[in-house]
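So the structure is just underneath, and the comments pick up after that.
The values are calculated or read from the model by the stated rules, or taken from the named source; none is laboratory data. Values in this document were obtained by computation on a predicted structure and should not be read as measured data. In this analysis, Cβ positions are derived from the backbone assuming ideal geometry, glycine residues included, and neighbour counts consider all displayed protein chains. The area values use the complete protein model at the heavy-atom level, side chains included, leaving out ligands, DNA and RNA. Shrake-Rupley method; radii C 1.70, N 1.55, O 1.52, S 1.80 Å.
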Protein chains: 2
Amino acid sequence: MSRIIECVPNFSEGQRQEIIDEIISSIISVEGVTLLDKEADPDHNRAVITFIGEPEKVKQAAFNAVEKASELIDMEKHKGEHPRMGATDVVPFIPISGTTMEDCAKLAHELGKEIGEKLGIPIFLYGEAASSEFPERKNLSVVRKGQYEGLKKVIETDPSRKPDYGPSKMHPRAGATAVGARMPLIAYNVNLNTTDLKIAKTIAKTIREKDGGFPFVKAMGFDIQDKGIVQVSMNLTNYLETSIYTVFNEIKRLCEEQNVEILESELIGLAPMDSLLETSIKYLKLKTFNVNQVLENHLMD
Amino acid sequence: MSRIIECVPNFSEGQRQEIIDEIISSIISVEGVTLLDKEADPDHNRAVITFIGEPEKVKQAAFNAVEKASELIDMEKHKGEHPRMGATDVVPFIPISGTTMEDCAKLAHELGKEIGEKLGIPIFLYGEAASSEFPERKNLSVVRKGQYEGLKKVIETDPSRKPDYGPSKMHPRAGATAVGARMPLIAYNVNLNTTDLKIAKTIAKTIREKDGGFPFVKAMGFDIQDKGIVQVSMNLTNYLETSIYTVFNEIKRLCEEQNVEILESELIGLAPMDSLLETSIKYLKLKTFNVNQVLENHLMD
């Protein structure tokens, strides 16, 4: 099975489609890279591109995109609602299959170094790629504090804002870029056969991390009025730590306590194969299962 | 996601490795075809090759292999324990993903016609590719009755043994070949935390088709003495009709009746992705799930 990494760079352009298209072209010009999604938000004036491939291919495609964005986007003229500090604002690498978080962090360091040296853009490592020198940079909002305009004022003088790679000086058009590593995000909802919103809200509160629930779980309760049901809507930000199977079983247990039935659940968008197979493996108590037993995986050799 | 078919041809040569290697070379010479497995049995004097790819590629690779086998294997000199009637004895096509049994049956007809016309080998369609004229040929043992030597005596005169394609006459060296379509076979075992072999045998009998259980399920009870457990060992010959999830749940129910615990289960060899994901989908009550939500499937475009 191939070694696969996902990359979801964000660019500070959400209005001029021809610029977004040029950036996408620079990505898919790398053979072996597959475009999964592209979303442009005019209000945020920001585009989010999702692609996957083998590590070296993905790194090359990311470099191409950062280079292209630095030619086409001028941060001196950029306005938008979403916080941002560069033409390419943020480049996360995400382990999908046959790769680890360490692989992604290493790739972030390599890409950061290359961008810094070849394009003269200051690079801040964030997320799981944050350096030991600046551990607070695990949190992207620390890196992006003050946004483009604020960072420009302090980057040359404040030692705590020194880039990990590249010059200690904003690129005159492209600003600065955060390069990092994180887990994939799984958007997963469970629908309950009741109109009692309080039950969904209580369950959401019980399972989410910020209220003492499972780590890496964000959850909210919603009313789906047109269907006469309520929903526990979740983001799982590290499925290796807290999985779909784990949150489903806990919600099932909490529902049984309240005599409420789970109507159905739904996966929004994409998820890695192992995050979905885990439920089968656990429920069937499958021993010594490995993903190479999935016949189709041999097509990706 | 790609359209994928599996092909598992059987050849009447299990001793001379150089001949088996030449046949394999003719298969993998087709770009886009992936070799999954090769097994040679000297006693049976028979080799089984497993490969996958897109339908047209798989058909081309199968034709190459049949042609090569007809050049290298002489049925007049073949001896072996396994029933056989040709240098290439049997060629089944199996739907894996994005393809149906109808696609496989159609491919079997196309390949059969091509072999008959270009190589002069009589072709019998079997399994789900059996023609309406000879429905009894769904059963391979009907097609292969009398084996090479017996078929040779009657093929020119017995209307019930008329080939579907090619001449009504054995190929002087390669004999005759069966080409067909069938579902993938899933080998799946459930281990019970007891030393009472009777329980495994009773459960096997309850769930298997021949004793009135689930369709397309073969099952036997075994003693795994070195582990102090017993095993229900199964072949699921059509997982769309009776799935892993279905047999597991029934075994679980029967075990609970006997106060016996399921220790673990095990998948032997490969299985299609959807046969494994089904348990997750059913257990989580996932609605509107489709395989394109598996991130890795986008790599196979």
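Per-structure values
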| quantity | calculated |
| --- | --- |
| Folded to 0 to 90 degrees: helix B:101-119 orientation relative to chain B principal axis, Cα | 20 |
| Amide proton proximity set for residue B:180, modelled H, under 5 Å, gap of 5+ | B:91, B:93, B:126 |
| Accessible area in the full protein assembly, largest first, 1.4 Å probe, for B:99, A:279 | B:99, A:279 |
| Residue B:211/residue A:222 FRET efficiency (R0 45 Å; Cβ-Cβ; nearest 0.05) | 0.35 |
| Shortest-first nm distances, residue B:202 label point to equivalent points in other copies (7 Å, Cα→Cβ) | 4.3 |
| Cα convex hull volume per residue for the protein assembly as shown (Å³) | 200 |
| Residue-wise HN-Hα coupling along the stretch A:179-194, computed from phi with Karplus coefficients 6.51, -1.76, 1.60 (Hz; x: Gly, Pro) | 10, x, 9, 8, 7, x, 9, 10, 9, 9, 10, 10, 9, 10, 7, 7 |
| Of A:145/A:205; B:113/B:153; B:113/B:210; A:201/A:285; B:118/B:162, pairs whose Cα-Cα distance is over 25 Å | A:145/A:205; B:113/B:210; A:201/A:285 |
| Overall form of chain A per C-alpha gyration tensor (a/c, 1.5; a/b vs b/c) | prolate |
| Dipole magnitude (debye, nearest 20) for the stretch B:106-263, charges at Cβ of Lys, Arg, Asp, Glu | 580 |
| Nearest-0.05 FRET efficiency for residue B:282 and residue A:154, computed from C-beta distance (R0 56 Å) | 0.50 |
| Approximate shape of the stretch B:168-301 as ellipsoid semi-axes (Cα gyration tensor, √5λ), whole Å, largest first | 31, 25, 14 |
| Rounded if a/c under 1.5, otherwise prolate or oblate - the stretch A:53-100, Cα gyration tensor axes | oblate |
| 11 Å beta-carbon shell around residue A:99, net charge (K/R +1, D/E -1) | -2 |
| Relative packing of B:86-98, B:251-263, which averages over residues the other C-beta atoms within 10 Å, highest first | B:86-98, B:251-263 |
| Between 0 and 90°, nearest 10: helix A:244-257 axis offset from chain A longest Cα axis | 40 |
| Euclidean distance between Cα centres, the stretch A:116-193 to the stretch A:265-285, Å | 32 |
| Copy-to-copy label separations for residue B:29, where each label sits 7 Å from Cα toward Cβ, in nm and ascending | 3.8 |
| Position residue A:76, label points 7 Å along Cα→Cβ, spacing to each other copy in nm (shortest first, one decimal) | 8.9 |
| Shielding by partners - mean other protein chain Cβ count within 10 Å, residues of A:188-196 | 1 |
| Order by protection proxy (mean Cβ within 10 Å, highest first), peptides B:265-271, A:178-184 | A:178-184, B:265-271 |
| Residue-wise HN-Hα coupling along the stretch A:15-25, computed from phi with Karplus coefficients 6.51, -1.76, 1.60 (Hz; x: Gly, Pro) | 10, 8, 4, 5, 6, 4, 4, 5, 5, 4, 4 |
| Neighbourhood charge, 12 Å Cβ-Cβ cut-off, centred on residue B:207 and excluding it, Lys, Arg +1 and Asp, Glu -1 | +4 |
| The stretch A:163-243 - percent of accessible surface contributed by carbon and sulfur, probe 1.4 Å | 51 |
| Under 12 Å, Cβ to Cβ, from residue A:50 - net charge with Lys/Arg +1 and Asp/Glu -1 | -2 |
| Inter-chain Cβ neighbour average for residues A:94-101, partner chain, 10 Å | 1 |
| Separation between Cα centres of the stretch B:228-249 and the stretch A:81-104, rounded to whole Å | 42 |
| Sites residue A:268 and residue A:76 - FRET efficiency at Förster radius 56 Å, r taken between beta-carbons, to 0.05 | 0.90 |
| Kirkwood Rh and Cα Rg combined as Rg/Rh, the stretch A:5-155 | 0.94 |
| Mean Cβ neighbour count within 10 Å, used as a protection proxy, ranking B:151-162, A:37-48, B:288-299 highest first | B:288-299, A:37-48, B:151-162 |
| For the stretch B:1-48 and the stretch A:1-79, distance of Cα centres in Å | 43 |
| Debye log10 I(q)/I(0) at q = 0.24, 0.28 Å⁻¹ for the stretch A:198-253, Cα point scatterers | -0.89, -1.12 |
| Anchor residue A:38: lysines whose Cα lies under 19 Å away (excluding residues fewer than 8 positions away in-chain) | A:57, A:59, A:68 |
| Chain B: angle of helix B:197-207 to the longest principal axis, Cα-based, in degrees nearest 10 | 70 |
| DSSP bridge orientation in the protein assembly as shown - percent antiparallel, rounded to nearest 5 | 80 |
